[in-house]
Amino acid sequence: MPTITINGTACEFTKGERIIDIANRNGTEIPQYCYHPGLSAPAQCRICLAEIHAPNPRNDGKIEPMMGGKLLPTCVTEATEGMVVFTENPKAMANQKAVMEFLLINHPLDCPVCDQAGECGLQDYSYEYGRGYSRFQEQKVKSPKKNMGPNIYMYSDRCILCTRCVRFTDEVSETKELMIDGRGNKATIDIFPGVPLDNPLASNVVDLCPVGSLLDKDFLFAQRVWFLKKTAGIDPLTSSGDNIWIEHNQGKLHRIKPRDNMEMNTWWMTDEVRYGWKFVHSEGRIKAPARREHGMMVPTSWIGAYKQVLSTLRDAKGAGKKTAISISPMLTMEEAFELCTMIRAIDPDSALFLGPVPISGEDKSYANPNATKPFVIRAEKAPNARGVRIVLEAFGGFKEFGTLIRSAGEYGAVVLTGNYSSDWVTDETAGAFKDTPIVLIDTLSTRLCASAQVVLPSSTFAEKSGSFMNADGVAQHFDQALPTQHSSKNEGQIANDLMQLAAGDELDEPIVAGGIQIVDEQPGQVPAASDAIAMVRGTLFDDGLARERMSEMNAPLREVAQGVRVLEAEAAVESDMPMVTL
Ligand code: SF4
Ligand code: FES
């Protein structure tokens with residue numbers, strides 16, 4: 001393979017690769033602002049400049065400085081065999097210092113109140129490549145804060161005019177809302193009059209902005225980013241399988257960001273998913289189990305609720321009636337498997353249904369010119385309909401939710417699972433189950449809560465781990481980010497508990513009465529508490545063990561379970577701040 005040397009490190013490359021890509025791939029740092037692999041490269045910030053030497057074919061292949069020793073932008077220069085690149089020699093370093101000084105001339109240096117502090121390209125490069133002092137004595141140009149659209153503010157005075165944001169709206173979203181207005185030190189990024197930055201991918205410009213200029217209104221002043229922990233997740237709202245970071249602190253979700261995966265979402269995510277997590281901390285969450293007593297819904301313990309579930313299902317069977325379960329496409333494959341196992345343990349003849357699969361419009365595809373695949377917004381607004389279908393097939397087949405609606409009266413008891421991000425109960429659904437005893441396992445309160453025999457609060461995607469299969473059949477695992485909220489449990493745990501009780505076994509008593517579970521504790525922070533530890537439960541639900549059981553059940557499930565892409569654990573990030581023992 002051809003090789004180049006970057007700052008003394010030999011790096012292999014493929015023909016056509018740019019020097020900056022080779023350096024990024026090999027962990028050799030070259031500073032960069034305007035460059036982004038998903039966009040065109042205008043080579044305009046000039047911080048990536050390097051002195052490049054290469055074999056001269058007109059001088060017997062002797063290695064000589066290119067362009068007479070002038071600095072060249074590594075973000076647009078293609079590597080050739082035998083090149084030697086210097087970004088740490090005096091000439092390149094003098095350029096880096098000059099660029100940093102130039103960029104900071106009109107920068108307000110307001111890091112203490114800037115959301116980007118802690119993940120800012122200007123901060124990092126000032127430290128690594130800049131001067132330790134300012135020589136600028138004049139007045140700085142003052143630029144306004146602007147409302148760019150429904151989700152984005154612009155702090156113009158922090159902008160370094162890298163144009164990543166403009167190129168994104170030109171090349172990827174193709175909505176072209178952004179432009180450069182003015183010239184020289186009056187140049188500023190702006191929208192066209194009356195045309196806000198508002199498209200389904202708009203907030204990707206916040207991620208692209210290397211400084212704190214474009215900011216997410218939703219995250220504004222919400223957290224210092226160094227307190228956030230990142231958990232690898234999968235789009236929980238649509239069938240895209242897009243990879244995401246769930247960023248949280250002290251048991252609270254604060255933002256969702258795209259996680260680069262060139263086979264899936266490349267570098268981007270939709271605003272729909274970015275802002276679609278609010279139901280996790282919604283006041284509308286079902287907070288504790290409830291059961292019907294003398295015609296009224298009353299709060300109950302988990303044990304009380306479980307007993308009511310079993311009596312509801314057994315009463316139906318005893319009366320010679322059929323039972324059914326509807327598995328929501330919002331649940332993981334492992335949960336679907338456990339729920340089917342549970343219902344068949346209680347009633348081997350129970351009918352299986354797939355819960356409602358929300359569809360909105362049609363798939364929308366973006367060209368994504370710098371990637372090998374387009375970026376697609378899926379019309380199917382459920383993360384795992386395909387995975388749940390496969391599980392239900394493995395248990396002998398299923399019918400769609402519409403069939404259950406039309407035949408609800410035939411059943412003596414129906415278990416309904418929800419876990420949708422908003423109210424999913426239509427008039428038709430509410431009407432269909434008016435006279436049928438239902439066991440509701442759900443996350444958000446809906447009108448079904450008032451008509452159910454028993455209501456079990458379930459955990460959202462952020463409070464569980466498991467696997468979703470996307471619309472293309474790619475099954476991916478995700479990790480648990482938050483402790484379970486309120487008194488909820490994930491559907492896999494609920495199924496395990498019910499199976500254990502149905503078999504006549506006891507559940508584990510709480511270890512600590514009214515116990516405290518410390519979450520996300522960091523130095524200097526007050527730990528958050530969760531009462532999850534105080535809840536009775538059976539064998540702890542483990543999605544890995546569930547996949548093992550799936551593998552043992554039959555060939556189709558084995559293929560699915562073994563094909564799940566399990567994500568690599570996040571590499572621990574070591575702070576560069578010295579820890580002080582108090
Ligand atoms: S707003 Fe941010 S992304 Fe856009 S040009 Fe300025 S610095 Fe670059
Ligand atoms: S990253 Fe190369 S010129 Fe900006």
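Values computed for the structure shown
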| read-out | value |
| --- | --- |
| In nm, spacing of pseudo-spin labels at residue 111 and residue 81 (7 Å Cα→C-beta vector) | 4.6 |
| Potential lengthening between residue 176 and residue 128 on full extension [0.36 nm per residue; Cα-Cα distance subtracted] | 13.8 nm |
| Local electrostatic count, residue 66, Cβ distance below 14 Å [Lys/Arg +1, Asp/Glu -1] | 0 |
| Dipole of the chain, positive end: most advanced residue of 397, 168, 426 [Cβ charges, Cα centre] | 168 |
| Positive-end residue, the chain charge dipole about Cα centroid, Cβ charges, pick of 240, 209, 74 | 209 |
| Diffusion coefficient, µm² s⁻¹, Stokes-Einstein with Kirkwood Rh over alpha-carbon pairs of region 3-99 at 25 °C and 0.890 mPa s | 183 |
| Over the chain, relative contact order from alpha-carbon pairs under 8 Å, at least 6 apart, % | 11 |
| Region 289-433 - convex hull of the alpha-carbon atoms, volume per residue in Å³ | 148 |
| All-pairs alpha carbon distance profile, region 290-562, 10 Å steps from 0, percent | 7, 28, 35, 21, 7, 2, 0 |
| Estimated Rh, the chain: Kirkwood, alpha-carbon pairs, angstrom | 26.8 |
| Rounded to 5, percent antiparallel among DSSP beta bridges of region 3-99 | 90 |
| Proportion of all alpha-carbon pairs of region 158-209 beyond 18 Å (%) | 25 |
| Within the chain: Cβ-based charge dipole about Cα centre, in debye rounded to nearest 20 (Lys, Arg +1; Asp, Glu -1) | 1040 |
| Unpartnered cysteines - no second Cys beta carbon under 4.7 Å - across the chain | 11, 48, 75, 111, 114, 120, 159, 165, 209, 340, 449 |
| Region 259-337: Cα Rg divided by the 2.2 N^0.38 Å rule of thumb | 1.68 |
| Rounded to whole Hz, the Karplus (6.51, -1.76, 1.60) HN-Hα couplings of region 363-378, x for glycine and proline | 4, 10, 10, 10, 4, 6, x, 8, 10, 7, 9, x, 9, 10, 9, 7 |
| DSSP-defined beta bridges in the chain - what % are antiparallel, rounded to 5 | 70 |
| Exposed-loop-free span, longest in the chain, where trypsin sites (Lys or Arg not before Pro) count as exposed if DSSP calls them loop and at most 14 other C-beta atoms lie within 10 Å | 448-582 |
| Over the chain: helical MRE at 222 nm, DSSP H runs n ≥ 4 each giving -39500 (n - 2.57), nearest 500 | -6500 deg cm²/dmol |
| Residue 321-residue 91 FRET efficiency (beta carbon distance; Förster radius 60 Å; 0.05 resolution) | 0.10 |
| Acute angle (nearest 10 degrees) that the helix 90-104 long axis makes with the longest principal axis of the chain, alpha-carbon atoms | 60 |
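No lab work stands behind these numbers, since they all come straight from the coordinates. Nothing here was measured: the structure is a model prediction, and the numbers come from that model. Ideal geometry is used to build each Cβ from the backbone, glycine not excepted, and the neighbour counts take in all protein chains shown.
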